[in-house]
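**Student:** Sharing a structure here in structure tokens format.
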Amino acid sequence: MGHLELRFDKQHLGTELSLGVVTRLRQVKDATGKFPDDPVDQELVIPAGASGRAFATVPAGTYRIEARLPSGEVLRETRTVTDSPQGVEVIFKGSSSPREWLSWQRLAGNVPSQEQYEGWINELAEQIVKAANARESAAKPIQIDPTVIRKLATQARELHLKLQPTIQAFGRFFGKVMAGSDADSGPADTQPTPQAAVEPVEFELVQADPRAAEALWDAVSSPTAWTEWKRTASPYVAQAIHRTDDRQLTLWRIEQSERIANNVVGPSGAYLPLRCLAVMQRGRGVDVITLPVPWPLDPYLPAPDLEVLREAGTSDSGRTTTTVRDNVVGGLLMYLNNGQMRDAATVLIEAQRKGLIEELMSEKARNPLAACAAAYVGLATLSDNQNPRWAPWLKNLKDWFPWLPDGAIVHGAYVMQSAKTRDDLRDALASLKDAYRRGIPFYTAGFRHLMNGLYAFSDEDAEAKAMHEKVASIAARVDPNQAFNQITIAAPPPSQAVK
Amino acid sequence: MPDPFVEDPSLVHHVDVNGPGTHVISLGIGHYDHLEGGGQAPTRHHLNLKQLTSPPISARKVAAWFIENFDCTESPLASVSLVLSERQSAEFRNGRTGRTFTVPTGLTEEVRSALRAWVRRAEVDPQNRIMLYFSGHGLSEGLQNLYLLRDYGKDSDDPLAGALNYQSFIAGLATRKPSNQFLLFDACRSADQIAALNRNGGQPIFAAVPDGRLEITQPMRQCPIFSTEVDRQALGRPNEESLCARAFIRVMNGACCTKEENEWYITTDRIVEALTYFQNRELRKSERRQPADANSYARIHLRRLTRTPSIPVFVRLGDPTLASRVRIEAVRVRQTGSRRLVSDPKSEGWQAKEEWEIELEIGEYTFRAEHLEPGQPPITSDETVMPTHTEVKL
């Protein structure tokens, strides 16, 4: 047998990602140079960062090795392995990040490589300046070559980014400029001056009382309700926030600097962590993100930073992405964020093999939010392993963390999927209702499970039906391409704005 | 025994299988009565959507492929049903039996009946596999997707009465007996206010029955796949099958195969990346991209193969001007006499191409471009043909 030593080299990551990149080993030749009858075809997860390594023991032969990055990019290498104790090194090198501080975001697939980024963003900025200058001169006809816009859109698509909304927004902006109209105001004599119905601030953290978190469903249901709720909400304090900008990109890095103060006493006398909502301006509305804090729950364990990346400033378009720089489940979250459930499942399997899932879910580690991420991937791949070792912990996630909607959701969804008796179904329904009362889930997957689970009972249970209707009414404003729930509360169109 | 074809007008193929079977439904909604050119009162909720030619062609191809090629021995083909909304309804001829059918035309009630009949047939055995292919207009907003049926917009007060509500549809379907559910939605996922403002609009088709699977020991494996990402379009050339339909057939032919305990299976393992690759390959020369997408995942066997799988191989010449001057073939290494012609300018009807697509069994090959004029050495390349595809440049 021979040995492979693999890693994904990513400088400036800040946090070494132990389970970083899903890698596939496929044998194309055996030791004699023939295509084998039963070629090796296996997946493993290799570390990303400056140092770690993964090891694979394989029969001698030639291997095609593919590293599948969370961005969807695939890197390929071919290596010949001999029956030698000396390992064959395979180091994948990703393209460099536009800025060092965007290294994590580059690996996560949220920003393009440096070269792509520079080209795209410079040209985009030039066009915006041109359009704005032309607009100021009433006498000057405004003409932007449509082929330029097309070219920009093409470049953005080529970046493997989900930047279409940005492009569409600029497309609309250019279109309106060309048509001589203004995006934000109607003719003065026919329409009232629009007001910012949700009073957006560019970025802020607000707290929600976990004992009254059910009210969040109503709070995000309309701009008016949000304004009303927000008026009485307090800022979420004791988090250090660092802002870094680069033209159209803003990165908000959130340090969990204080995790003891942000608690309230629950009905049972236990401390419950305050919910933290990141509120970010989107045009005249806001994005509300259910920030996954505290991560971990244990205030004495080291806490990773969170990053919120915003494209296109405060415009009404562009993508907002939330990531957690967790060295164990960071990779899983990246794949989850990009909808790559198959690869997320591979990370989960590797984490299970290493005993990390049990560790996350166990009382000792006290990171129920990370455990929920693993549980959602586990639920998606339940078909392969209906009685996973971690299944009993799902009930603990529900029972031990009464502030955590996702704990009740993963338990409810699991019981529902594996129900054998009517009691199981009753248990599932009770869990889902419990989850609803705990407020908006942290994870988008949780939102989906809650909505579909409540729907399943809505014909026979009036309360489940009402809850489903509320959840479904918000679903259209949830970004499906995010791991963490992000709900857009758009300002009403100008004609509906109240003076 | 009642005639299944009489009971369900969408049924175009039926086999009594002894044990778990595969039940396929293929829906192609291209003609929309109430959109421009639809021939009936136009809806004011037209959303600038146009008539489509590709969906019925795609749905026909998918149905025909299953009838003629689906040889799975693990869960053999039990039924295929078809719904086609096309400008001029044409018959569908079953390539295996020769029988012709006039299938439902895609009105909401017809689609509802066809979908319910499809699931009813499959409910006899929880181990059954159901497979759905839908092609037509789609809308998307947040977590919701809506798939428009032929009579979309008929009711101006509730235009989405002529649409399928994706979330309710899959939630209802997940409470039904068939345990293996593969659903491929080949439709745009364009955002529109109508989807946002009518989030509970559209037909669920199946009411959720929470205790519907209580007696069933098999786990529910539901794997819905979208042919495109949110905010993107699903593409197809006029009067041809869609990119996704072509990609899906490649997948089912062998591109997504894996070997398990000495048997080859097509699985959902790498289906998103395979669909993405094949779709985008056809868009290389355009500015567009169509990456496939999935919100949830389940590993399902889609087909157990009866032979070594065939993998799509794309062969091109480094110097394309040589196309008319070389004969290209693929020679299987260590298998005497095993060779496949890729291109021969002397053959009848030969046309110059930038690239040739063939299917080859997994294994090691030498690709050779032999000059027709003697005296020049051949151009060769040794390649191992492997899933999901192989590219060869000579």
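Values in this text are rule-based calculations from the coordinates and carry no lab data. Computed from a predicted structure; not experimentally measured. Every residue, glycine as well, gets a Cβ built from its backbone with ideal geometry; the counts of neighbours run over all protein chains shown.
**Student:** Over the protein assembly as shown, one equal point on each Cα, no solvent: what is log10 I(q)/I(0) by the Debye formula at q = 0.05, 0.08, 0.10 Å⁻¹?
**Tutor:** One equal scatterer on each Cα of the protein assembly as shown leads to -0.29, -0.77, -1.25.
**Student:** For A:Ile91, B:Ile328, which order do you get if you count the other beta carbons within 10 Å of each Cβ and list the fewest first?
**Tutor:** In increasing order of surrounding Cβ atoms, one gets A:Ile91, B:Ile328.
**Student:** Using alpha carbons only, what's the Rg to Rh ratio of the stretch B:34-125 with Rh from Kirkwood?
**Tutor:** 1.04
**Student:** Now, a different point. Taking each residue of A:33-39 in turn, how many C-beta atoms of other protein chains fall within 10 Å of its C-beta, and what is the average? Walk me through the numbers before you get to the answer.
**Tutor:** Numbers: counts 3, 4, 10, 1, 2, 2, 4.
Mean partner shielding for this stretch: 4.
**Student:** What FRET efficiency comes out for A:Trp400 versus B:Thr306 if R0 is 56 angstrom and r is the Cβ-Cβ distance? Round to the nearest 0.05. Kindly include the intermediate steps, with their values, before the conclusion.
**Tutor:** Numbers: r = 51 Å, r/R0 = 0.92.
For R0 = 56 Å, the calculated efficiency reads 0.65.
**Student:** Now, a different point. So, in nm, how far is label A:Phe55 from label A:Arg437 when the simple model puts each one 7 Å beyond its Cα toward the Cβ?
**Tutor:** Spacing of the two 7 Å Cα→Cβ label points: 5.2 nm.
**Student:** Rounded to the nearest 0.05, what FRET efficiency do B:Trp350 and A:Arg426 have when you use their Cβ-Cβ distance and R0 = 60 Å? All intermediate terms of the calculation are to be shown ahead of the outcome.
**Tutor:** Working: r = 69 Å, r/R0 = 1.15.
For R0 = 60 Å, the calculated efficiency reads 0.30.
**Student:** What residue among B:Phe314, B:Thr336, B:Thr390 has its Cα farthest toward the positive end of the dipole of the stretch B:310-393, where the charges are +1 on Lys, Arg and -1 on Asp, Glu, each on the Cβ?
**Tutor:** B:Thr336
**Student:** Still on this structure: Run the numbers on the stretch A:295-335 and let me know its relative contact order in percent, using alpha-carbon pairs under 8 Å that are six or more apart. Can you show the working numbers first?
**Tutor:** Values: 41 pairs, mean separation 12.7, N = 41.
This gives 31 percent for the stretch A:295-335.
**Student:** Taking chain B as the reference, fit the longest principal axis to its C-alpha atoms, fit the long axis of helix B:271-281 to the helix C-alpha atoms, and give the angle between the two in degrees, 0 to 90, nearest 10.
**Tutor:** For B:271-281 against chain B, the angle is about 60 degrees.
**Student:** As a footprinting exposure proxy, order B:Tyr32, B:Tyr265 by other Cβ within 10 Å, with the fewest listed first.
**Tutor:** Least to most surrounded, the residues fall as B:Tyr265, B:Tyr32.
**Student:** Turning to a different aspect of this structure: Can you flag which of A:Lys398/A:Lys420; B:Lys259/B:Lys393; A:Lys420/B:Lys177; B:Lys61/B:Lys259; A:Lys29/A:Lys354 are past 23 Å Cα-Cα?
**Tutor:** Distance filter (> 23 Å) returns B:Lys259/B:Lys393; B:Lys61/B:Lys259; A:Lys29/A:Lys354.
**Student:** Using a/c under 1.5 as the rounded threshold, could you call the stretch A:244-296 rounded, prolate or oblate? The axes a ≥ b ≥ c are square roots of the C-alpha gyration tensor eigenvalues, and prolate needs a/b larger than b/c, oblate otherwise.
**Tutor:** Note, shape of the stretch A:244-296 comes out oblate.
**Student:** Pick out, from A:Thr62, A:Ser51, B:Phe169, the residue whose Cα sits farthest towards the positive end of the charge dipole of the protein assembly as shown, with +1 on the Cβ of Lys and Arg and -1 on the Cβ of Asp and Glu.
**Tutor:** About the Cα centre, the residue reaching furthest to the positive side is A:Thr62.
**Student:** For the Cα atoms of chain B, what angle does the longest principal axis make with the long axis of helix B:108-122, in degrees from 0 to 90, nearest 10?
**Tutor:** Long axis of B:108-122 versus the principal axis of chain B: about 70 degrees.
**Student:** Separate question: What 222 nm value per residue comes from the helices of chain B, counting each DSSP H run with n ≥ 4 as -39,500 (n - 2.57) and dividing by all residues, nearest 500 deg cm²/dmol?
**Tutor:** Rounded to the nearest 500, the figure is -5000 deg cm²/dmol.
**Student:** Let me ask you something else. Assuming R0 = 25 Å, can you tell me the calculated FRET efficiency for the pair B:Thr366 and A:Val40, based on Cβ-Cβ distance, to the nearest 0.05?
**Tutor:** Here the calculated transfer efficiency is 0.60.
**Student:** With a cut-off of at most 16 other beta carbons within 10 Å, and DSSP calling the residue loop, which trypsin sites (Lys or Arg not before Pro) in the stretch A:310-409 qualify? Please list them.
**Tutor:** Hits after loop and neighbour filter: A:Lys354, A:Lys364, A:Arg389.
**Student:** Shielding of B:290-296 by partners, i.e. mean partner chain Cβ atoms within 10 Å per residue?
**Tutor:** Per residue, the average neighbour count from other chains is 5.
**Student:** Is the C-alpha gyration tensor of the stretch B:4-304 telling us rounded, prolate or oblate? Criteria: a/c under 1.5 is rounded; beyond that, a/b larger than b/c is prolate, otherwise oblate.
**Tutor:** Rounded shape, in that the Cα axes give a/c under 1.5.
**Student:** Quick one: 3J(HN,Hα) in Hz for the stretch A:85-93, Karplus 6.51/-1.76/1.60 with θ = phi - 60°, rounded, Gly and Pro as x.
**Tutor:** x, 6, x, 8, 8, 10, 10, 7, 10
**Student:** Angle between the Cα long axis of helix B:54-69 and the longest principal axis of chain B, 0 to 90 degrees, nearest 10?
**Tutor:** For B:54-69 against chain B, the angle is about 70 degrees.
**Student:** Kirkwood Rh, the stretch B:175-246, all Cα pairs: how many Å?
**Tutor:** Result for the stretch B:175-246 stands at 15.1 Å.
**Student:** For the stretch A:203-489, just the Cα set please: Rg and Dmax, both in angstrom.
**Tutor:** 18.0, 57
**Student:** With each label point set 7 Å from Cα along the Cα-Cβ vector, what nm distance links B:Glu359 and A:Asp459?
**Tutor:** It works out to 4.0 nm between the two label points.
**Student:** Next up: Counting other C-beta atoms within 10 Å, which of A:Leu44, A:Leu277 has the fewest, and how do the rest follow?
**Tutor:** Least to most surrounded, the residues fall as A:Leu44, A:Leu277.
**Student:** Oh, and also: Calculate the dipole size of the protein assembly as shown relative to its Cα centre from +1 charges on Lys and Arg beta carbons and -1 charges on Asp and Glu beta carbons; express the result in debye to the nearest 20.
**Tutor:** Working: 102 positive and 111 negative charges, 123 e Å.
The calculated dipole for the protein assembly as shown is roughly 600 debye.
**Student:** For the stretch B:16-71, what does the alpha-carbon gyration tensor say about shape, rounded, prolate or oblate, given a ≥ b ≥ c as the root eigenvalues, a/c under 1.5 as rounded, and a/b over b/c as prolate?
**Tutor:** Prolate, since a/c reaches 1.5 and a/b exceeds b/c.
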